[in-house]
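What follows is a structure written as C-alpha cells; I'll ask about it next.
The values are calculated or read from the model by the stated rules, or taken from the named source; none is laboratory data. Computed from a prediction, not measured in an experiment: that's the story for all the values here. FYI the Cβ positions are ideal-geometry reconstructions off the backbone, even for glycines, and counts take in every protein chain you see.
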There are 2 protein chains.
Amino acid sequence: MKEIPRPSKRRLVLLKRLLSEYEEKTITSQKIESLTGWSAAVVRRDISLLNIHCGASNGYKVCELKASLDELMDSDSQEQKCCIVGLGRMGQALLDNTELQSSQFRIVAGFDSNVNRTEVLRSVFPLHPTTILESVIQSEKIEYAILSVEKEEAQPIATRLSSCGIKGIVNYTPCVLTVPHNVEVENVCLLTALETLCAQSSK
Amino acid sequence: MKEIPRPSKRRLVLLKRLLSEYEEKTITSQKIESLTGWSAAVVRRDISLLNIHCGASNGYKVCELKASLDELMDSDSQEQKCCIVGLGRMGQALLDNTELQSSQFRIVAGFDSNVNRTEVLRSVFPLHPTTILESVIQSEKIEYAILSVEKEEAQPIATRLSSCGIKGIVNYTPCVLTVPHNVEVENVCLLTALETLCAQSSK
C-alpha cells in the first residue's frame with residue numbers, strides 16, 4: 001500500500017466514522033464535502049490512496065469504502081494496548097473515558113510520578129509509579145501512550161516511552177516532543193488547537 | 001498573505017512554541033527536523049509560506065521567524081474569548097486548565113444542559129445552562145468554542161454555535177461535525193488520535 005500522508009489519514013479516520021452511521025448504499029465526494037467541509041477534490045484524492053477499485057462516477061460503494069478503510073485502520077486486528085502517563089485532571093478525565101469502549105484500543109495501565117495518586121485513584125486498570133514505566137510497557141506489550149504529564153516531565157517521559165517500544169504518543173501537553181522516526185506523535189493539546197484555529201480564521 | 005494549508009499551520013504553531021525556548025540566533029531546517037521529526041524539506045516549504053525575506057542558506061534568523069509567526073498567529077491581538085460547552089469529566093478537566101494562562105485565549109463562559117452541574121461546579125468564569133448559549137456568546141463576543149458534550153448533543157450544539165458567530169470549534173467529541181465553510185473545526189478526540197497513529201504505524 002502507498003504511504004499515506006498524515007492529513008489524509010486524519011480525514012480517512014473521520015470518514016470511516018462518518019460512514020459507520022451512513023445508511024445509503026453509495027456516497028459521492030460532493031456528499032462527503034457537504035458533510036465534512038473538505039473539498040470534493042481533496043476527498044477524491046484521499047480515497048484514491050486506498051485500495052479501491054470502484055469508479056467514482058456514480059459515487060463510491062459504501063461497503064467497499066468501509067472495507068478498505070477497515071484494512072487501513074487495521075480494525076480487525078486484536079486489541080491495541082495503551083497506557084496513560086500523568087494522572088492529573090486531564091489524565092483522570094481520560095481514566096473513565098467511554099469513547100474507547102467499542103474500539104480496538106484498550107487502556108491497560110496508568111502511571112504517575114506521584115505515588116499517592118496511583119494509590120488513591122480508582123480505575124479498572126492498574127496504576128503504577130512512573131519509575132516502573134519500562135517494565136510494565138514491555139511485559140504488557142503496550143504500543144500506544146497517552147501523555148498528560150506536567151510540561152517539565154513531557155520530553156523526558158517521551159524519550160523513555162520511545163526507548164521501550166512505544167509506537168505512538170497522543171500528546172495532551174503543549175510541548176513539542178522530540179522522538180525517533182519510528183515513533184509517531186499526535187498533538188491534541190487545547191492551546192495548539194486554538195492557535196491553529198486562530199491562524200486559520202485570521203486570514 | 002497566501003492561504004496556508006491546515007497541516008502547515010499546525011506545524012507552524014508548534015514551531016513558534018519550539019522557538020520560544022530556543023536560545024541560538026539562527027536555526028536551520030535540518031535542526032528543526034532533528035527536534036520535531038518533520039523533514040527539512042517540509043520545514044522549508046512551511047516557512048516559505050510566511051512573510052520571510054531572510055535566506056535559508058545559513059539558517060533562518062530566529063527573531064525574524066518568530067516575528068513572522070507572531071504575525072500569522074495574531075499573537076499581539078487582544079484576547080480571544082472562548083467558551084466550553086459540556087461540563088462532564090473532560091469539560092471539568094478543562095475548567096482549571098492552566099495551559100491557556102499565558103496565551104491570548106481566555107475562557108469566559110461554560111455551558112451544560114444539566115443545570116445542576118452549572119450550579120454546583122466552581123469556576124473562575126460563569127457557568128450557564130445551554131439554553132442561553134446564543135445570547136451569552138453574542139453579548140460576550142465569544143469567538144471560539146471547546147466542545148466536550150455527549151455524542152448525541154455534538155451536532156445540534158455545533159449547528160447552534162455556527163449560527164451565532166463562532167469562528168472555530170475545538171472538538172473533543174468523536175463526532176464528525178457538519179458546519180458551514182466559515183467555521184473551522186480542530187478534532188482532538190482521543191479515539192481519532194489513536195486511530196490516526198494506528199493507521200500510521202501499521203504501514
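When only residues in the stretch A:5-39 that are at the interface with chain B (Cβ under 8 Å from one of its Cβ atoms) and among the small types (Gly, Ala, Ser) count, which is surrounded by the most Cβ atoms within 10 Å (Cβ to Cβ)?
So, considering only residues that are at the interface with chain B (Cβ under 8 Å from one of its Cβ atoms) and among the small types (Gly, Ala, Ser), the one surrounded by the most Cβ atoms within 10 Å (Cβ to Cβ) is A:Gly37.
Examine the stretch B:147-156 for a residue that is within 14 Å of chain A (Cβ to nearest Cβ), among the β-branched types (Val, Ile, Thr) and surrounded by 15 or more Cβ atoms within 10 Å (Cβ to Cβ), and state whether such a residue exists.
Step one: of the stretch B:147-156, the residues within 14 Å of chain A (Cβ to nearest Cβ) are B:147-152, B:154-155.
Then keep just the ones that are among the β-branched types (Val, Ile, Thr); that gives B:149.
Add one more test, that the residue is surrounded by 15 or more Cβ atoms within 10 Å (Cβ to Cβ), and what stays is B:149.
Yes, that holds for at least one residue.
When A:Ser57 is evaluated against the numbered criteria (1) in a loop (DSSP other than H, G, I, E, B); (2) within 13 Å of chain B (Cβ to nearest Cβ), which criterion, by number, is the only one it fails?
A:Ser57 satisfies all of (1) in a loop (DSSP other than H, G, I, E, B); (2) within 13 Å of chain B (Cβ to nearest Cβ) except (2).
State whether one or more residues within the stretch B:147-159 are within 15 Å of the chain's Cα centre (by Cα) and of a type in the set (S, T, N, Q). Write out each step before concluding.
Of the residues in the stretch B:147-159, the ones within 15 Å of the chain's Cα centre (by Cα) are B:147-148.
Now restrict to residues that are of a type in the set (S, T, N, Q): B:148.
Yes: one or more hits.
On to the next question. May I ask you to verify whether B:Leu87 is modelled with pLDDT under 95, of a type in the set (A, V, I, L, M, F, W, C) and either surrounded by 15 or more Cβ atoms within 10 Å (Cβ to Cβ) or under 20 Å from B:Lys16 (Cβ atoms) (or both)?
Numbers: modelled with pLDDT under 95: no; of a type in the set (A, V, I, L, M, F, W, C): yes; either surrounded by 15 or more Cβ atoms within 10 Å (Cβ to Cβ) or under 20 Å from B:Lys16 (Cβ atoms) (or both): yes.
When the stated conditions are applied, B:Leu87 does not pass them.
If A:Cys63 meets every condition in (1) more than 8 Å from chain B (Cβ to nearest Cβ); (2) surrounded by fewer than 16 Cβ atoms within 10 Å (Cβ to Cβ); (3) at pLDDT below 90 apart from one, which number is that one?
(3)
Results for (1) touching a Gly at 6+ places or on another chain (Cβ under 9 Å); (2) of a type outside the set (S, T, N, Q); (3) under 16 Å from B:Val188 (Cβ atoms), shown as yes or no for each residue.
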residue	(1), (2), (3)
A:Asn116	no, no, no
A:Val120	no, yes, no
A:Thr131	no, no, no
A:Lys141	yes, yes, no
A:Cys164	no, yes, no
A:Gly168	no, yes, yes
A:Pro174	no, yes, yes
A:Leu190	no, yes, yes
A:Glu195	no, yes, yes
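Does at least one position in the stretch A:149-161 carry a residue that is β-branched (Val, Ile, Thr), farther than 22 Å from A:Gln101 by Cα and touching a residue at least 60 places away in the same chain (Cβ under 8 Å)? Even if it seems obvious, please write down each step before you answer.
The first filter runs over the stretch A:149-161 and keeps only residues β-branched (Val, Ile, Thr), leaving A:149, A:157, A:159.
Now narrow it down to the ones that are farther than 22 Å from A:Gln101 by Cα: A:149, A:157, A:159.
Remaining after also requiring touching a residue at least 60 places away in the same chain (Cβ under 8 Å): A:149, A:157.
Yes, there is a match, as at least one residue in the stretch A:149-161 is β-branched (Val, Ile, Thr), farther than 22 Å from A:Gln101 by Cα and touching a residue at least 60 places away in the same chain (Cβ under 8 Å).
So in the stretch B:178-188, with the set limited to residues that are out of contact with any helix residue (DSSP H, G or I) (no Cβ under 6 Å at 6 or more places or on another chain) and more than 7 Å from chain A (Cβ to nearest Cβ), which one is surrounded by the fewest Cβ atoms within 10 Å (Cβ to Cβ)?
Looking only at the stretch B:178-188, we keep the residues that are out of contact with any helix residue (DSSP H, G or I) (no Cβ under 6 Å at 6 or more places or on another chain), and these are B:181-182, B:185, B:187.
Still in the running and more than 7 Å from chain A (Cβ to nearest Cβ): B:182, B:185.
Numbers: B:Asn182: 11, B:Val185: 22.
In this case the residue turns out to be B:Asn182.
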